[in-house]
Amino acid sequence: MVENNLSPGSIASNLETHFIGQRVIYYPNLASTMDVAKREAQQGAAEGTVVVAAEQTAGRGRLKRAWLSPQGSISLSVILHPSVLYLPSLIMLASLAVVHSIEKVAGLKSQVKWPNDVLINGKKVCGVLIENEVRGDRVDYAIIGLGINVNLRLSDFPEISSIATSLSDELGRNVSRLDVIRCLLVEIERLYLTLQAGGSIYEEWRDSLMTLGRKVHVQSEETIYQGIAESVARDGSLLLRHSDGNLTKIVAGDVTLRD
Ligand code: BTN
């Protein structure tokens, strides 16, 4: 039996970080960690404050979608106070931290579907949601929300079983959520400090994308674009080559692979 104690003490004790996860707010059951993190950030919570729920009842995803977060999944939000310069890099940072942690803790290879879904064998195992409040050129706060399917039997969730997977389904055994969370917090801090020291995480994120070179449809607001996902810019946008040779730069959207 893999332990599932996600108490603040067990997450933060001897955690090898300076600020990420040094304060943890834990709920056994919560509507959404994003709401609590937003409230905490507005009240001046320290950078690195983490909100974790063992289960969410109204988890939300990108593009106003619902996010299923039953027992066995990881739902967490991290509060940051980054420079505006680093905002575009947060989606790269979050998805890379997940890829690294899944490999370190579960030994599984995962890839990123632009902009920041994490997939194993073509199925989604993690979603990333970034919310922020910017005033002028000042970021009041940014919140990284991570939802990871850890110990879920996807056959119990037929509504998503054709497109989603979990670490336990991939491995045939349960994985410690605590180990994954602790590893994630260390990885998030490491990548964040890399950015602050002037380093780049763009190249590694670009190379982890399974989208590049593929024929895709991209839904961006009301428009659907079709073409080959040629590359990504340093600001995270996708460069899509159309059959007529034109190139479109897409800042946000949802990709469907068509090949
Ligand atoms: C997506 O793929 O659309 C993003 C999903 C993000 C889900 C996480 S779970 C923790 C945090 N709380 C939420 O309500 N959403 C994010």
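The values are calculated or read from the model by the stated rules, or taken from the named source; none is laboratory data. Keep in mind that this is a model prediction, so the values were computed, not measured. Every residue, glycine among them, receives a Cβ derived from its backbone with ideal geometry; neighbour counts consider all protein chains shown. Accessible surface is based on the protein model in full, side chains and every heavy atom, while ligands, DNA and RNA are left aside. Shrake-Rupley method; radii C 1.70, N 1.55, O 1.52, S 1.80 Å.
Collect the residues in the stretch 214-259 that are in a loop (DSSP other than H, G, I, E, B) and either touching a Ser or Thr at 6+ places or on another chain (Cβ under 9 Å) or closer than 14 Å to P115 by Cβ (or both), keeping them in residue-number order.
A233, R234, D235, G236, S237, H242, V251, A252, G253
I need a count of the residues in the stretch 198-240 that are among the hydrophobic types (A, V, I, L, M, F, W, C), open to solvent by less than 50 Å² (accessible area, probe 1.4 Å) and more than 22 Å from P88 (Cα to Cα).
Total meeting the criteria: 1.
With the structure loaded, tell me whether E159 is surrounded by fewer than 20 Cβ atoms within 10 Å (Cβ to Cβ) and within 22 Å of V232 (Cβ to Cβ) or whether it fails that test.
Considered against the rule, which asks whether it is surrounded by fewer than 20 Cβ atoms within 10 Å (Cβ to Cβ) and within 22 Å of V232 (Cβ to Cβ), E159 comes out as no.
Starting from residues that are open to solvent by 50 Å² or more (accessible area, probe 1.4 Å) and in a helix (DSSP H, G or I), keep the ones in the stretch 31-45 and report whichever is farthest from the ligand (Cβ to nearest atom).
This residue is Q42.
Only one of (1) within 13 Å of the ligand (Cβ to nearest atom); (2) open to solvent by less than 50 Å² (accessible area, probe 1.4 Å) fails for S89. Which number is that?
That leaves (1) as the condition not met.
Residues that are in a strand (DSSP E or B) and either within 11 Å of the ligand (Cβ to nearest atom) or open to solvent by 10 Å² or more (accessible area, probe 1.4 Å) (or both): does the stretch 13-25 have at least one?
Yes: the stretch 13-25 contains one or more residues that are in a strand (DSSP E or B) and either within 11 Å of the ligand (Cβ to nearest atom) or open to solvent by 10 Å² or more (accessible area, probe 1.4 Å) (or both).
Can you pull out the residues in the stretch 46-70 that are touching a residue at least 40 places away in the same chain (Cβ under 8 Å) and either more than 8 Å from the ligand (Cβ to nearest atom) or basic (K, R) (or both)?
Answer for the stretch 46-70, where residues must be touching a residue at least 40 places away in the same chain (Cβ under 8 Å) and either more than 8 Å from the ligand (Cβ to nearest atom) or basic (K, R) (or both): G48, V50, V52, A54, R60, R62, L68, P70.
Residue check: is V134 more than 13 Å from the ligand (Cβ to nearest atom), touching a residue at least 40 places away in the same chain (Cβ under 8 Å) and out of contact with any Pro (no Cβ under 7 Å at 6 or more places or on another chain)?
When the stated conditions are applied, V134 passes them.
Within the set of pairs 6 or more residues apart or between chains, which connect a residue that is under 17 Å from P8 (Cα atoms) inside the stretch 26-37 to a residue that is part of a helix (DSSP H, G or I) with Cβ atoms less than 7 Å apart?
Y26/P8; L30/V36
Among the residues of the stretch 208-223, how many are more than 22 Å from the chain's Cα centre (by Cα) and either under 11 Å from I250 (Cβ atoms) or polar (S, T, N, Q) (or both)?
Qualifying residue count for the region: 1.
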